[in-house]
1. Looking only at region 200-213, which residues are among the small types (Gly, Ala, Ser) and farther than 10 Å from Val166 by Cα?
2. Which of the residues spanning region 119-145 are more than 19 Å from Thr81 (Cα to Cα) and open to solvent by 70 Å² or more (accessible area, probe 1.4 Å)?
3. Between residues in region 98-125 that are over 23 Å from Gly34 (Cα atoms) and residues that are basic (Lys, Arg) and open to solvent by 50 Å² or more (accessible area, probe 1.4 Å), which pairs lie under 6 Å by C-beta distance while being six or more apart or on different chains?
4. Which pairs have Cβ atoms under 7 Å, sit 6 or more apart or on different chains, and link a residue in region 61-86 that is closer than 21 Å to Leu51 by Cα and outside any strand (DSSP E or B) to one that is among the charged types (D, E, K, R) and open to solvent by 20 Å² or more (accessible area, probe 1.4 Å)?
5. Going by what's in this entry, would Leu173 be described as within 21 Å of Arg56 (Cα to Cα), open to solvent by 20 Å² or more (accessible area, probe 1.4 Å), among the hydrophobic types (A, V, I, L, M, F, W, C) and within 20 Å of the chain's Cα centre (by Cα)?
6. Checking Val36 against (1) of a type in the set (A, V, I, L, M); (2) over 20 Å from Gly10 (Cβ atoms); (3) over 17 Å from the mean Cα position of the chain (by Cα), which single condition isn't satisfied?
7. Hey, among the residues in region 162-219 that are polar (S, T, N, Q) and not in a helix (DSSP H, G or I), which one's modelled with the highest pLDDT?
8. Name the residue that is farthest from the chain's Cα centre (by Cα), counting only residues in region 109-153 that are of a type in the set (Ser, Thr, Tyr) and assigned to a helix (DSSP H, G or I).
Amino acid sequence: MGSWIDRFEGLQALEPAPRDHLAAAAREVVLPAGHVLFAPGKTPDAMLFVLGGTVRVQQVGETGREIVLYRIEPGQSCVLTTACLLADEDYPAEGLAETEIQGVAVPRGAFDAMIAESAVFRRFVFTAYARRITDLLTVIQEVAFARVDIRLAQRLCQLADPDGVVRLTHHQLATELGTAREVVSRQLHEFQRRGWVAAARGAVALADRPALAAFAEGR
């Protein structure tokens, strides 16, 4: 189990004793796609380190509108879990497995001990936390100030698979952007009118990716 530690930037330099403690405390986890890892009001009992798959962390407002805050990918840990563990608070958001997840979970007691014992582990935790806060500030700025059409074009280019297909519904795209499904549908219709995208069932195909990318970049 100790070999997984070196897959996380910042943990490779762990001191020998803390490395052994971390490896001994960690337990392997495999979770199916669609599994809810955590939800608002739940108390975290472990820190998850993702080795394979993607976890989507999203916030659901009182009106039911959703927004994607960030994704946890291989080689990353969940900073929201970190924050809740450190503050001894419940989760304010939801974590959903977008794909099957392979990872390791470090129980709360071991996490607390590592924070107290290892300067390297503390630096890893707080560096990841600081980076994610910067990402979240970008999300806030985009939702508050950026044009929805440009944000949608950017997200389509980011999420398209090698075949140029974004396999998300209009509702899911609205969740990515923190806006209403009707807004996304209206904008996709405009993109289709321009010949940039083509509609497919439960998906969007990029018909003219260079033109869409140029629009996303403000060109």
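1. Listed by number, the residues that qualify are Ala207, Ala211, Ala213.
2. Across region 119-145, the qualifying residues are Ile140, Gln141, Phe145.
3. The qualifying pairs are Ile115/Arg122.
4. Final answer for the pair search is Gly75/Arg7; Gly75/Glu9; Val79/Arg132; Leu85/Arg108.
5. No; evaluated as a whole, the condition is false for this residue.
6. Val36 satisfies every listed condition except (3).
7. Thr169
8. Thr127
The values are calculated or read from the model by the stated rules, or taken from the named source; none is laboratory data. Only a predicted model underlies this, so the values are computations on that prediction, with no experimental measurement involved. Glycine also receives a Cβ, built like all others from the backbone with ideal geometry; neighbour counts cover every protein chain displayed. What goes into the accessible areas is simple: the full protein's heavy atoms, side chains included, and nothing from ligands, DNA or RNA. Shrake-Rupley method; radii C 1.70, N 1.55, O 1.52, S 1.80 Å.
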